[in-house]
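The values are calculated or read from the model by the stated rules, or taken from the named source; none is laboratory data. A quick note: this is a predicted structure, and the numbers were derived from the prediction, not measured. Here Cβ is always computed from backbone atoms with ideal geometry, including for glycine, and neighbour counts include all displayed protein chains. Accessible surface areas use protein heavy atoms only, side chains included; no ligands, DNA or RNA. Shrake-Rupley method; radii C 1.70, N 1.55, O 1.52, S 1.80 Å.
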Amino acid sequence: MSKKEILQAEKSIALVKEQFSKGLCNALNLYPISSPMIVNEGTGINDDLNGIERPVSFPVKFLNNNRGVVVHSLAKWKRIRLQELELDAHEGILTDMKALRPDEDSSPIHSIYVDQWDWELHIDKSDRTLSYLKNIVRKIYQNLLDTEQKVYEELGIEPILPKKLSFIHSEQLLQLYPTLSPKEREHAIAKDYGAVFIIGIGGKLSNGEPHDSRSADYDDWTTPTEEGYKGLNGDLLVWNPVHDKSLELSSMGIRVDKEALEHQLTLAGALDKKSLLYHSLLLADKLPLCIGGGLGQSRICMFLLRKKHIGEVQASIWPEEVRKQAELEGINLL
């Protein structure tokens, strides 16, 4: 890869990131803020993801060797920050999150280095509805469409996203494709619609299994909705023609209130977490109601720039066999 090609690739990445982040702030009334890469261990602030991933942990000399952990995401930290900033309802924050997830498997769409636009918006109690969730998701999707159009104008990459985003609950998706695995169902529905938001991720479906696992302490995946299902969260997927598969760009949702937190901790067998800092603040009504999520920066870049490997839009580490295969296929890893 020549110097000119490398610089052009970096300019294209910067174009996507600048356009999308500015548009997101405007669409959701968000303030860009600084955020940590490290939090104190044992506070419950770090994102547990699926509950099995190990955070990077290390002793800190000036904290008497108490341990710090590199964040998985900022799902819970953002809620505490909202409270500290005393933002009004329908004001929020946007952070340029950088995290490490060393238990991720290497693949063309996975890296142990995770870069997200992590956002959180203060809401009213009356906003804790499926219709409000859908309204926010539509605004995010419109920003994705606007960014795709900007990429077309600047780089000549033809737009492929449908103008309208589709919605489906994970239970409806199961009934539509009862013989397929959750991932196969995602591929099928994304291919049919082009772009889809799957609602209700984390709770058990009629087959006794969740569509996918979710931590019990941030997204609300148990509250009944006006459409007769449960869950105020979901995943945004698009159909990626480069891989001929679906690609998840965002996981987001209305966050648990204290009743939903207690219920979900019970279902998860994790009531011991109630004594942790984040959980005790929420159970004491000391944190604002909110909606939030993460939008994968590298995922969005690779999708809009039609890249085959996430390593083409971010600098990370890869197994030697991955580097060799990329070289054989003419893929230029940063």
All-but-one check, Glu53 against (1) touching a residue at least 60 places away in the same chain (Cβ under 8 Å); (2) under 25 Å from Ile310 (Cβ atoms), failing number (1)
inquiry  = Please determine whether any residue of segment 288-310 is farther than 24 Å from Thr95 by Cβ, at pLDDT 95 or above and open to solvent by less than 10 Å² (accessible area, probe 1.4 Å).
reply    = no
>> I'd like to check something: does segment 231-251 contain any residue that is closer than 30 Å to Asp272 by Cα and part of a loop (DSSP other than H, G, I, E, B)?
In response: yes
Here the residues within segment 299-334 that are under 18 Å from Glu5 (Cα atoms), out of contact with any Gly (no Cβ under 7 Å at 6 or more places or on another chain) and not in a helix (DSSP H, G or I) are Leu305, Arg306, Lys307, Lys308, His309, Val313, Gln314, Ala315, Glu329, Gly330, Ile331, Asn332
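Checking the condition out of contact with any Phe, Trp or Tyr (no Cβ under 9 Å at 6 or more places or on another chain) and at positive phi, which residue from Arg299, Arg306, Arg323 passes?
Working: Arg299 fails: at positive phi; Arg323 fails: at positive phi.
Being out of contact with any Phe, Trp or Tyr (no Cβ under 9 Å at 6 or more places or on another chain) and at positive phi holds for just one of Arg299, Arg306, Arg323, which is Arg306.
Kindly indicate which of Tyr229, Tyr278 is open to solvent by 50 Å² or more (accessible area, probe 1.4 Å) and aromatic (Phe, Trp, Tyr). Let's see the steps before the verdict.
On the way: Tyr278 fails: open to solvent by 50 Å² or more (accessible area, probe 1.4 Å).
Unique residue meeting the criteria: Tyr229.
Kindly indicate whether Lys78 is in contact (Cβ under 8 Å) with a residue 40 or more places away in the chain, under 16 Å from the mean Cα position of the chain (by Cα) and open to solvent by 60 Å² or more (accessible area, probe 1.4 Å). I'd like the intermediate steps shown before the answer.
Numbers: in contact (Cβ under 8 Å) with a residue 40 or more places away in the chain: yes; under 16 Å from the mean Cα position of the chain (by Cα): yes; open to solvent by 60 Å² or more (accessible area, probe 1.4 Å): no.
When the stated conditions are applied, Lys78 does not pass them.
Determine whether Asp285 is within 25 Å of Trp77 (Cα to Cα), out of contact with any Gly (no Cβ under 9 Å at 6 or more places or on another chain) and open to solvent by 50 Å² or more (accessible area, probe 1.4 Å). Working first, answer last.
Numbers: within 25 Å of Trp77 (Cα to Cα): yes; out of contact with any Gly (no Cβ under 9 Å at 6 or more places or on another chain): yes; open to solvent by 50 Å² or more (accessible area, probe 1.4 Å): yes.
Considered against the rule, which asks whether it is within 25 Å of Trp77 (Cα to Cα), out of contact with any Gly (no Cβ under 9 Å at 6 or more places or on another chain) and open to solvent by 50 Å² or more (accessible area, probe 1.4 Å), Asp285 comes out as yes.
With Ile93, Ile45 as the choices, which residue is assigned to a strand (DSSP E or B), of a type in the set (A, V, I, L, M, F, W, C) and within 18 Å of the chain's Cα centre (by Cα)?
When all the criteria are applied, what remains is Ile93.
Conditions (1) over 18 Å from the mean Cα position of the chain (by Cα); (2) within 30 Å of Arg81 (Cβ to Cβ), marked per residue:
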position	(1), (2)
Ser107	no, no
Asp118	no, yes
Leu155	yes, no
Phe167	no, yes
Ile199	no, yes
Glu158: passes all of (1) of a type in the set (D, E, K, R); (2) in contact with a Leu (Cβ under 9 Å, 6 or more places away or on another chain); (3) open to solvent by 10 Å² or more (accessible area, probe 1.4 Å); (4) over 24 Å from Gly231 (Cα atoms) but (2)
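So which residues in segment 73-92 are touching a strand residue (DSSP E or B) at 6+ places or on another chain (Cβ under 8 Å), under 25 Å from Ile112 (Cα atoms) and of a type outside the set (S, T, N, Q)? Walk me through how you get there before you give the answer.
Going residue by residue through segment 73-92, those that are touching a strand residue (DSSP E or B) at 6+ places or on another chain (Cβ under 8 Å) are 73-75, 77-79, 81-82, 85, 87-92.
Checking the rest, the ones that are also under 25 Å from Ile112 (Cα atoms) come to 73-75, 77-79.
Correct list: Leu74, Ala75, Trp77, Lys78, Arg79.
Sort out which residues of segment 247-266 are open to solvent by 60 Å² or more (accessible area, probe 1.4 Å), over 21 Å from Trp119 (Cα atoms) and out of contact with any Ser or Thr (no Cβ under 7 Å at 6 or more places or on another chain), and write them in order of number. It would help to see each step written out before you state the result.
Initially, segment 247-266 is screened for residues open to solvent by 60 Å² or more (accessible area, probe 1.4 Å), giving 258-259, 262-263, 266.
Subset that is over 21 Å from Trp119 (Cα atoms): 259, 262-263, 266.
Selection gives Glu259, Glu262, Thr266.
Just wondering, is there one or more residues in segment 9-19 that are within 22 Å of Glu248 (Cα to Cα), in contact with a Leu (Cβ under 7 Å, 6 or more places away or on another chain) and either open to solvent by 40 Å² or more (accessible area, probe 1.4 Å) or small (Gly, Ala, Ser) (or both)? Break it down into steps so the answer makes sense when it comes.
First, the residues of segment 9-19 that are within 22 Å of Glu248 (Cα to Cα): 12-19.
Checking which are in contact with a Leu (Cβ under 7 Å, 6 or more places away or on another chain) leaves us with 12, 16.
Applying the additional criterion that residues be either open to solvent by 40 Å² or more (accessible area, probe 1.4 Å) or small (Gly, Ala, Ser) (or both) yields 12.
Yes - at least one qualifying residue is present in segment 9-19.
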Exactly one of Asp244, Asp285, Asp219, Asp272 is among the charged types (D, E, K, R) and within 23 Å of Gln116 (Cβ to Cβ), and that residue is Asp219
